[in-house]
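As structure tokens, the structure follows; a few thoughts come after it.
The values are calculated or read from the model by the stated rules, or taken from the named source; none is laboratory data. Bear in mind the structure is a predicted one, so any value in this text is a computation, not a measurement. All Cβ positions, even for glycine, are placed from backbone atoms using ideal geometry, and neighbour counts span all protein chains on display.
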Amino acid sequence: MTIIGIGEDGPDGLSTAARSALDGAELIIGSARHLGLLPAISGRKIEWPVPFADGIAVLLAQRGNRVVMLASGDPFWFGAGSSVVRHLAPEEWVAHPAPSTFSLAAARLGWALQDIACLGLHAAPLERLRPHLVAGTRMIVLLRDGAAVLALAWWLVERGFGASRLHVLEALGGPRERVRAARADALDFTDIAHPVAVAVECAGEGQALPCLAGVPDDLFASDGQITKRPIRALTLSALAPRPGESLWDIGAGSGSIGIEWLLAHPANRALAIEADPARAERARANALALGVDRLDVVVGTVPDALPQDPVPDAVFIGGGLSQLLLQDLWARLPAGTRLVANAVTLESEALLAHWHAAKGGTLLRIELADAAALGGRRGWKARYPVVQWSVVL
């Protein structure tokens, strides 16, 4: 099986090896647009079905035949390549990529790709851009169509980044190529052609997300059940997220711990477990608003709501702490799992003290106070102290 990345210039941009594979193919499968770029190819052609997943079975049924799959540009950069080859042995396929849309866009604008956030949002929410919204940054975004471009412009305006300059790049690499630019708050193009990418020069006074743990509390919708910013920063430090790791956030409340775990690295995963349906829905909304819609939220009580697998790399207990829960976690989780539990009540504090004595780890008492009015002057108003137990199973 041969996977060929094809650009808008059709066969003119193909390598000799790619042309040879097309000439010898018994079957060519691709989107209607890609097939239309190869009118002179005589092999049998099949249009890739919708939804995309239905085409994989069609393709795999041709195993052993000389089959060519057409994809856009580089099939392994927000392309279809990885979705297909995970079903094949290494010796069953070969790929011939073309320049990606990101490469073509950077070449038109003179931007250094290594300094730019590149995102594919054909079927993903615009909110995934949220962590990248910082004045002075640049990004290149693949979008579904012209309506999505206009939606992006207004999405930026609504978040205080209407001054951003948008470069609308249509059909790059082919005879229909066009590059136009406008500010987000003034973009009014009504004839944007597909395929389209938008290069964003971010500008404006909108609020940016910090790079380190401790996102401002006002960025989370909450009914008060939230791990506040200073405690959250200390908790994330104790959880110590690493790239590609997974977290169980038990008693998730507003979802702030799981959300910041996901913000730490794009490959991280998190499961939020919350007994209150309204809070669970609020956690989902917070995750979407902050660009990490991959937060998995489960409504239920622990330990019954805990999944059997996959096991997490770290667990945070912000609510639902009990002797039964700790016993269950100790029985089901492998050695090396990191666990952090926060307690506010005397009963929960005593439970953590007991487990710390039995299992070790670090027991930390966190006491914070805020400046507040005291008559005509100011004084310190203490918050409830938090006891935090951090341990490696």
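Observations on the structure shown:
- Scanning the stretch 41-82 for residues that are assigned to a helix (DSSP H, G or I) and farther than 25 Å from LEU142 by Cβ gives ALA57, LEU60.
- Residue in the stretch 315-360 that is farthest from ALA270 (Cα to Cα), counting only those that are under 28 Å from the mean Cα position of the chain (by Cα) and polar (S, T, N, Q): ASN342
- Residues in the stretch 98-109 that are among the aliphatic types (A, V, I, L, M) and surrounded by 19 or more Cβ atoms within 10 Å (Cβ to Cβ) were compared, and the one that is modelled with the lowest pLDDT is ALA98.
- Residues in the stretch 368-382 that are assigned to a strand (DSSP E or B) and of a type in the set (Gly, Ala, Ser): ALA369, ALA371, ALA372, ALA373, GLY379, ALA382.
- Of all the listed residues (ALA89, ALA148, ALA112, ALA95), the sole one being surrounded by fewer than 18 Cβ atoms within 10 Å (Cβ to Cβ) and either in contact with a helix residue (DSSP H, G or I) (Cβ under 9 Å, 6 or more places away or on another chain) or within 19 Å of ARG33 (Cα to Cα) (or both) is ALA112.
- Whenever a residue of the stretch 251-277 is more than 17 Å from PRO216 (Cα to Cα), its partners that are polar (S, T, N, Q) and part of a loop (DSSP other than H, G, I, E, B), lying with C-beta atoms within less than 7 angstrom and at least six residues away or across chains, give the pairs ALA275/THR301.
- Any hit, the stretch 180-201, residues being within 21 Å of ALA289 (Cα to Cα), hydrophobic (A, V, I, L, M, F, W, C), loosely packed, with under 14 Cβ neighbours inside 10 Å and not assigned by TED's automatic domain parsing to the domain that holds ILE259: no
- Test for THR235: is it more than 19 Å from the chain's Cα centre (by Cα) and part of a helix (DSSP H, G or I): yes
- Test: residue in the stretch 176-186 that is among the acidic types (Asp, Glu), over 30 Å from PHE102 (Cβ atoms) and not in a strand (DSSP E or B): no
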